[in-house]
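Asks: One structure coming up, written as C-alpha cells, with questions to follow.
We did not get these values from a lab; they are worked out from the coordinates using the rules stated. For clarity, every value in this text was computed on a predicted model and none was experimentally measured. Here the Cβ positions follow ideal geometry from the backbone for every residue, glycine too, while neighbour counts run over all protein chains shown.
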Ligand code: COA
Ligand code: AMP
C-alpha cells in the first residue's frame, strides 16, 4: 500500500543490493551463517565446476536437519511446525516440530528399508496432506532426491516424470479431493507405472478414507502400516549429510515441447537463499505463522510451504482447499484469522476468484486479521486492478514478486524486511541481491529503460537457482544459456523503468500461464496432433478474466473427414484432459478450414492471439493468404470469443 511504503532512502534495499554487487562471495558467505553446515564450504562460489559454476563447493549439509531437527534441539519442539487445514475433508491438525521430527524420522526409516539411499530418486504424487511434507523431508533426511508431481497431472505426465527421474520408490496417496469430486490417484499411478519403461521397486500408498486403493501385490506397501512397523521396531533414520552441490530435488516444469524439463535444485545454495529471503524479503520472524496457499506440486510450494518457513523456525500453514467454493470466498480470511498467519502468499488468479464472488469482501467480517501484515502475489503478472482491490480490502501492503521454477526463489520483489520501497502497480519492484537483471534486444544488447526486450540474468545465477537440468547439461545450455552468451534467458519479456523497477509482461516462448499454472502449448499441440482426424493444429493462450489465460486450440481436420466437427472438438478436449490432466484447463477446440501462416510456413500465433483477445491487429505482410485471419475471427466469434 502506497501509504506504508517508504522512500528509497528509508529502505535498506539500496545498500544491501550494493553490498552484494561489491562482493557477492562475501554477501553469500554471510547469508550462509543462517545454515547449520556439517562441513563448511571450501569456496563460496567455484566458477570452474558445473555448467556456470557451483555454490558452496566442498560444504556438507542436510536440509531436513536444518528444517526440523535443529529447531527441536534449539527449543522449538512444542511449537507448531505445520497447521493443516482441510476444508475439503473437514480436518484440522496441529503438528509440532517434535512430532514432525518423529514422523519424518520414522518415514525415512521406512524408505531406507525399501532401499532408498543418498542420491536415489523418490517420486511423490500427493495432495496437500501433511504426509506429503513428511515424504519430502524424509527424502531430504536420507540425502535422497525427491520429485513431486502435481496431482492435477494425468498418468502420461506422471509416467514421463517417472521415466526421467527413475525413482526407486514412488510415494502416493490413494486420492486427492477437488471440490465436488474425489480424484483417485492410484489408478493414475498404476497406469503411469505401466506406461513408463522404468518401474519403481516399490510404491508407498497413503490410504485416505475418501477413496481407498487396491494395492498391487509385491510392489505396493501401505504407508500407515509401514510407519507403524518402523515405529514398533524403533527403525528411525537420522540425517545424512550430503554435498551442498547434491540435488535436494528435481521438479519438472513445462518446456516448449511436451517433454518437461527436470529442474535440479542443489541443497546448500537453496537453503542459503531461502533462509535469506524469509526475514529480508518476506519480513518474517522465527516463530511466526506463514501461509503460502499454493500446492506442494509447484516450486512455490517447495520453497514457501515446506523449506523456507521450516528453515526459519516458522509455523507453516498447509491448506487443502480452494480460495472459493470450500465453502465460500471467505476461506482465506478464516484461515488467516484462525492460524494467526502474518503473511499470505497466493496467486493473483486466486484473488480474482475471491473478488468475483465477494467484491466487497463482506465475508471478511468477523475474522480477526489484526496479526496479518503482508499479502504476497506471484505465479503470473499481478494485474493492477487486482492489486488495488486487495490493498483496499486488506489495508496492508500487497507485494507482487516474480520468479520461476528454475530460480527457486524470487528474482524481483519488494523486500519487506529491508523496508518496503514505493509500490508501483504492475511491477514486481526490483531485483533481489544475487540477480543482475538486464533487458536485452534480439542481438543480446541491453536496451534503454522503458524499452521492451527479453529479460535476462547475468551469470552466475545466485544460490538457489538451478545449476542444470536433470542429467541434461546440454539441454540446460541450449534452453537457457545459448541465446545470450553470459546470461540466463528467463524467456520472459518486459522492461526496466528509470528507477530500475522490473516489469514482466509475458513469455517469449510457447508457454502460457493458466490460473498461475505454467503450461506448454507445444505439449497440448502434440496431443491434438495425435488425434486421427487432425491434420494440423495450433494452441494459443487467450485472455481470461479469472485465470489470466486459457488455452484455445485451432484444428484443421484431415481432408475427407466425414465426422461432425463438434464431435471431434469434444474428443479433443477430453484427450488433452486424459493425456495432460485437468490442470491444463483445455476447454476450447475450434475447427477451422486453414491456419494462418507466413509464406515460409510459420503459424501466426501472435496475430491469432491478438484477434482472440480482441486487440487491434494488422495483417502481417508475410502472410500467404490474409483471408484466413478473417476466418479465424469468425470461428472465435461463433464461440463468443474475440
Ligand atoms: N488434483 C486434481 N485435479 C486438480 C488439482 C489437483 N491437485 N488441481 C486442480 N485440479 C483440477 C480442477 O479440479 C479443475 O478441474 P475441472 O476442469 O474438472 O473443473 C482443473 O484442474 C483446473 O483447475 P484450476 O485451473 O485450478 O481451476 P479451478 O476452476 O478449479 O479453480 C482457481 C480456479 C482460481 C480458484 C484456482 O485455479 C486457484 O486457486 N488458483 C491458484 C493457483 C496457485 O496457487 N498457483 C500456484 C502458483 S503461486
Ligand atoms: P513457474 O515456473 O510455474 O513458477 O512460472 C514462471 C513464470 O510465471 C514466469 O516465467 C513468468 O512468466 C510468470 N510469472 C511468475 N510470477 C510472475 C510475476 N510476479 N509477474 C509476472 N509474471 C510472473
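Asks: Using only alpha carbons, build the gyration tensor for region 507-642 and give me the equivalent ellipsoid semi-axes, biggest first, whole Å. Working shown, then result.
Replies: Details: eigenvalues 87, 74, 37 Å².
Over the Cα atoms of region 507-642, the semi-axes work out to 21, 19, 14 Å.
Asks: Run the quick spin-label model on residue 113 and residue 499: label points 7 Å from Cα toward the beta carbon, then report their separation in nm to one decimal.
Replies: 5.9
Asks: Mind ranking 121-129, 485-493 by how tightly packed they are, going by the mean number of other C-beta atoms within 10 angstrom, highest first?
Replies: 121-129, 485-493
Asks: Still on this model: What distance in nm separates the simple spin-label points at residue 637 and residue 212, each placed 7 Å from Cα in the Cβ direction?
Replies: Distance between the two pseudo-spin positions: 5.9 nm.
Asks: Roughly how many Å is it from the Cα centre of region 613-639 to that of region 270-305, as a whole number?
Replies: 45
Asks: Hey, another quick one. Counting each pair of different Cα atoms once, what's the Kirkwood radius of the chain in Å, rounded to one decimal?
Replies: 25.4
Asks: Using r as the Cβ-Cβ distance of residue 458 and residue 285, and R0 as 35 Å, what FRET efficiency do you calculate, to the nearest 0.05?
Replies: E between residue 458 and residue 285, to the nearest 0.05, is 0.60.
Asks: Rg/Rh for region 73-210 to two decimals, with Rh computed the Kirkwood way over all alpha-carbon pairs. Mind showing how you got there, number by number?
Replies: Values: Rg = 15.3 Å, Rh = 15.5 Å.
My calculation puts Rg/Rh at 0.98.
Asks: How high is the relative contact order of region 515-638, in percent, counting Cα pairs under 8 Å that sit 6 or more residues apart? List each step's numbers first, then the result.
Replies: Working: 184 pairs, mean separation 27.9, N = 124.
Contact order relative to length: 22 percent.
Asks: What percent does the relative contact order of the chain come to when contacts are Cα pairs within less than 8 Å and at least six residues apart?
Replies: 13
Asks: If you don't mind, there's one more thing I want to ask. Taking the Cα centre of each part, how many Å lie between region 102-156 and region 223-255?
Replies: Rounded to whole Å, the Cα centres lie 5 Å apart.
Asks: When the helices in the chain are scored as -39500 (n - 2.57) per DSSP H run of 4 or longer and the sum is shared across all residues, what 222 nm value do you end up with, to the nearest 500 deg cm²/dmol? The partial results should precede the final answer.
Replies: Working: 17 runs with 176 residues, N = 642.
Counting only the DSSP helices, I get -8000 deg cm²/dmol.
Asks: Could you sort the peptides 240-249, 509-518 by per-residue average Cβ neighbour count (10 Å cutoff), highest mean leading?
Replies: 240-249, 509-518
Asks: Using alpha carbons only, how many angstrom separate the centre of region 505-546 from the centre of region 172-203?
Replies: Centre-to-centre (Cα) distance: 25 Å.
Asks: Per-residue counts of other Cβ atoms within 10 Å, averaged by peptide: what ranking do you get for 52-61, 434-443, highest first?
Replies: 52-61, 434-443
Asks: Pull up the DSSP beta bridges for region 515-638 and report the antiparallel fraction as a percent, rounded to 5.
Replies: Taking every DSSP beta bridge within region 515-638, about 75 percent pair in antiparallel fashion.
Asks: What order do you get for 499, 78, 266 when you list them from fewest to most C-beta neighbours inside 10 Å?
Replies: With the sparsest Cβ surroundings first, the list reads 78, 499, 266.
Asks: If you don't mind, there's one more thing I want to ask. How big, in percent, is the set of alpha carbon pairs in region 304-416 lying more than 22 Å apart? Please list the in-between numbers first.
Replies: Values: 1889 of 6328 pairs.
So the portion of pairs separated by more than 22 Å is 30 percent.
Asks: Take the Cα atoms of region 390-526, find their three principal axes, and give me the spread along each one in whole Å, biggest first.
Replies: Here the spans come out as 47, 33, 28 Å, largest first.
Asks: Still on this structure, I have one more. For region 107-173, just the Cα atoms, rotate onto the principal axes and tell me the three extents in Å, largest first.
Replies: Here the Cα extents, ordered largest to smallest, are 30, 25, 15 Å.
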